[in-house]
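The values are calculated or read from the model by the stated rules, or taken from the named source; none is laboratory data. Predicted model only: the values in this text are computed from it and were never measured. When we count neighbours, we look across all protein chains shown, and the Cβ atoms used for this are built from the backbone with ideal geometry, even at glycine.
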Amino acid sequence: MADMLKSTGAMAGATLASRVLGMVREICYARFMGDGLVAGAFVLAFMIPNLFRRLLGEGALMAAFIPVFKEQEKTAGEQAMWRTANALMSGLIVVLAGVVGVGLLGITAALEWGEWNEKTTLMLELLRWVFPYLFFICLAAVAMGILNARG
């Protein structure tokens, strides 16, 4: 019982610290970026990589993979389980590299050939800078899911 209370307290403390640090982040963001053109363009540009993170790293992919991962551990052993994880990560690296490459080419083409207003042009420029983040954050989210499945 004492261990459960200790674990619950640790989780509550970590959650509280996360919320407070998130509020500090938002205060700093508002202080330095304001609510003008640059802030709006940055928020829009950052939404796209975060959408992929939610879909791939925290969404359907992990919901489908974790049961297979755990089942491999039970039925075929630890080596087979890690081979399955390796296959997923290897495939994901190839797919994400392709998505990022095509996305960057598309963004560059849109900037070169499109007639955009100032906010859209700024958003596309920022998106070109933050789009490679998609590759790393999706891999990190999948690795986190694998580690959480292992306990």
Near pairs, Cβ below 6 angstrom, 6+ apart or cross-chain, from the range 9-22 (assigned to a helix (DSSP H, G or I)) to any residue that is surrounded by 10 or more Cβ atoms within 10 Å (Cβ to Cβ) and β-branched (V, I, T): none
The one condition in (1) aliphatic (A, V, I, L, M); (2) touching a residue at least 60 places away in the same chain (Cβ under 8 Å); (3) surrounded by 13 or more Cβ atoms within 10 Å (Cβ to Cβ) that A140 fails to fulfil: (3)
Selection count where residues are β-branched (V, I, T), at pLDDT below 85 and within 22 Å of the chain's Cα centre (by Cα), scope the range 11-56: 1
Answer from M123, M81 - the residue that is aliphatic (A, V, I, L, M), buried (at least 16 other Cβ atoms within 10 Å of the Cβ), farther than 30 Å from R25 by Cβ and outside the structural domain of A30 (by TED's automatic domain parsing): M81
